[in-house]
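Every read-out reported here was derived from the displayed coordinates using simple, explicitly stated rules and does not represent laboratory data. Only a predicted model underlies this, so the values are computations on that prediction, with no experimental measurement involved. Virtual Cβ from ideal backbone geometry, glycine too; neighbours counted across all protein chains shown.
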Amino acid sequence: MSSRARSDGADTPAAALGPLALVLGLVAAVSVWPTLTFLLLPWSLLAAGLSVTFGAMGVYYAERGVGRLWTSVVGVVLGATGLADLFLLLVVLPG
């Protein structure tokens, strides 16, 4: 019982930030579809903000060797797409 299990970088919770940002970014990007925009409005706004936040954190940790970079970057891009769509819909188009 003297040996202890050692964890590597893939075992940390920071490794889940990229996939989490990717899934939230997908929810936010689905709201770009015109028929789903108003149906998913509160959820897509929340998902887009969290996707950009968690994706940026995932990029930070991926550069240090924890997690994957591409999932974090795609999550940030999809979240930013969702935020841009909501900004266009709610701020620019009404006047």
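Report, to one decimal in Å, the Kirkwood hydrodynamic radius for the chain based on all distinct Cα pairs.
13.9 Å
In the chain, a dipole from Cβ-located charges (positive for Lys and Arg, negative for Asp and Glu) runs towards its positive end, and of Val59, Ala15, Trp70 it is Ala15 whose Cα lies farthest in that direction. Counting only Cβ charges, +1 for Lys and Arg and -1 for Asp and Glu, the dipole size of the chain around its Cα centre is about 240 debye. The string of couplings for region 21-37 from the Karplus curve (6.51, -1.76, 1.60, θ = phi - 60°) is 5, 5, 5, 5, x, 5, 4, 5, 6, 5, 6, 5, 5, x, 6, 9, 4 Hz, one whole number per residue in order, with x for Gly and Pro.
Our helix-only sum for the chain, with -39,500 (n - 2.57) per DSSP H run of n ≥ 4 divided by its residues, gives a mean residue ellipticity at 222 nm of -20500 deg cm²/dmol. Phi angles of region 53-65 translate, via the Karplus equation with coefficients 6.51, -1.76, 1.60 and θ = phi - 60°, into HN-Hα couplings of 5, 5, x, 5, 5, x, 5, 4, 6, 5, 5, 9, x Hz per residue; Gly and Pro are given as x.
Between Leu69 and Phe38, what is the FRET efficiency for a Förster distance of 35 Å, r being their Cβ-Cβ separation, to the nearest 0.05?
0.55
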